[in-house]
Every structure is written in structure tokens, then in C-alpha cells.
Amino acid sequence: MHRVKVRVVEDALDANNTIARANRADFDRHGVTVVNLMSAPGSGKTTLLERALSHWHDGPRVGVLEGDVAGSLDADRLAHHHVPVVQLNTDNGFGGECHLDANMVRSAMDALPLDEIDMLIIENVGNLVCPAEFRVGEDARIMVSSVAEGADKPLKYPLMFRACELVVINKIDLIEHVDFDMDTFLYHLDAVHPGVTSLPVSARTGEGVDAVRSWLAALPDRVRAVA
Ligand code: MG
Ligand code: ZN
């Protein structure tokens, strides 16, 4: 019985990867570089996007696909910054799933202004576990870990920290108020994902956000160089 269960999970992930490749082909056809943005709930994904995109000058034209279980609170925040944003709710036909998968992103494809953007940032549902298991057709993955969550998170959720190309360490303005040791965090991060780029920021104050902007702006060229 146990073996059958494992097989079902593997088949589901295979099916997801097939749809993710189809998404990827569609994004490529429109010349859109795609970022999957992941974190625990409340780590500051939306605030980081607000900060990064409100002072966005010569970089690629960015749109956002906003994943949430319910509601459009974050999409509404981003729309204030004149960013084209499409809401994707997992309780709307997807059983309130705690992550986005390739099929959900595919369902939003027709609503995305792919001809008007060069980069799509997909803000995933806040969750440190399953979003890391489901490719959605992205070129790169960013995960945000806030200092308030503690320095042990890379050891407790290694797949999430291993699956991304950039780790944003957010809320550094809170460091003196929480028990967070940066060296310990970086030591644990290096243990699970040696050499991964990490950027300390405060999305709230704006400190360090320039480096995230630069990383994003350079991504399309980096992706093309690898392809
Ligand atoms: Mg959010
Ligand atoms: Zn999930």
C-alpha cells in the first residue's frame, strides 16, 4: 500500500512538470522571463514587490500574478503602484490549495498581458513547504525569509532554501528586536544550498532593495545566456 501511495505522488509531480513545460514554452514565445516568488506567510513578499516596483525605471516591464488562497488584498496593493496584476485564488476551483501549481498558473494564462510585459513575477501562496515542490514554468525562484522567523529555517525547510536562486533576508530593520544571528543563518543556508546568493533587505525601510532590483533587472540576460 505504501508503495502505491508514493507512486501516485510521483505521477502527480510528473503531470505538473509536463504542464510547467507547456507554460514555459508559452512564456518563451512571448519573451517573458518568469520568477516564482515564495516564502512563509507574512515574510514580506508583497511589501518587497511594492518597494522594488515603485522605483522601477529602465528595467524590464514587469507584471505580477498574485497567488492567494482567498481575496485580493495584495493584488490591490500592487495595483496602486500601476503594476499590471492578475489575481489567482486557489479557493476558486482549486480546493483552497496551499501552493500554486502549473495547472493553476496555466488557468491564468489568458488573463496575463504577456505582450505588454518582459517579466512576470508570480507571488506564490505563503507556505515554506509545498510551493518548492511544484514548478509552474518559471525561469528563476526567489524565496524571502524574514529575520523574525529565526535563523534555523534553512535547516527546517531545506527543500525551499535549496530550490531557489536567490534568498532575500527581509526585515533586517527588526534584527535588534528579535533573536536572529545573521552569521548562524548564513552558516545554515550554506549547509543546505552552498553558494546561493543572499541579499539582506528591509522592504519596509527600503534598505537593500536596490540590490534586489538589480538582480531582477539582470535576470532576463542571465536566463538567455544559459539557454
Ligand atoms: Mg503577499
Ligand atoms: Zn500546498
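Amide H contacts for SER39 (H built 1.01 Å from N in the peptide plane; partners 5 or more residues away or on another chain; cut-off under 5 Å): ASN127, VAL144. Charged neighbours of LYS171, selected by a Cβ distance under 15 Å, balance to -3 (K, R count +1; D, E count -1). How much net charge surrounds ASP115 when only other residues with a Cβ under 15 Å from its Cβ are counted (Lys, Arg +1; Asp, Glu -1)? Net of charged neighbours comes to -3.
Both radii are taken from the alpha-carbon atoms of the stretch 85-167; with Rh as the Kirkwood radius, Rg/Rh is 0.99. Between the C-alpha center of the stretch 99-115 and that of the stretch 158-198 there is a gap of 29 Å. Of the complete DSSP H runs in the chain, those spanning 30 angstrom or more by Cα along the long axis with a mean Kyte-Doolittle score not below -1.0 are 2-29. Expressed as a whole percent, the accessible area of the chain that falls on carbon and sulfur atoms is 52 (1.4 Å probe). Solvent-accessible area of ILE19, all protein chains in place: 50 Å² (probe radius 1.4 Å, heavy atoms, ligands and nucleic acids excluded). In the stretch 1-105, the inverse of the mean reciprocal separation of distinct Cα atoms equals 15.7 Å; this is its Kirkwood hydrodynamic radius. Estimate the FRET efficiency between LYS5 and ALA211 by the formula 1/(1 + (r/R0)^6), using the beta-carbon distance for r and 30 Å for R0, to the nearest 0.05. After rounding, the FRET efficiency stands at 0.10. Seen from ASP76, the other residues with C-beta closer than 14 Å to its C-beta sum to a net charge of -4, counting Lys and Arg as +1 and Asp and Glu as -1. Entry comment: accessible area of the chain is 49 Å² per residue, from protein heavy atoms only and a probe of 1.4 Å. Convex hull volume per residue, computed on the Cα atoms of the chain, equals 133 Å³.
The values are calculated or read from the model by the stated rules, or taken from the named source; none is laboratory data. Being a predicted model, the structure only gives us computed values, none of them experimental. Cβ sites come from the backbone with ideal geometry, for glycine too, and all protein chains shown count toward neighbours. Heads up: the accessible areas ignore ligands, DNA and RNA and are worked out on the full protein's heavy atoms, side chains in. Shrake-Rupley method; radii C 1.70, N 1.55, O 1.52, S 1.80 Å.
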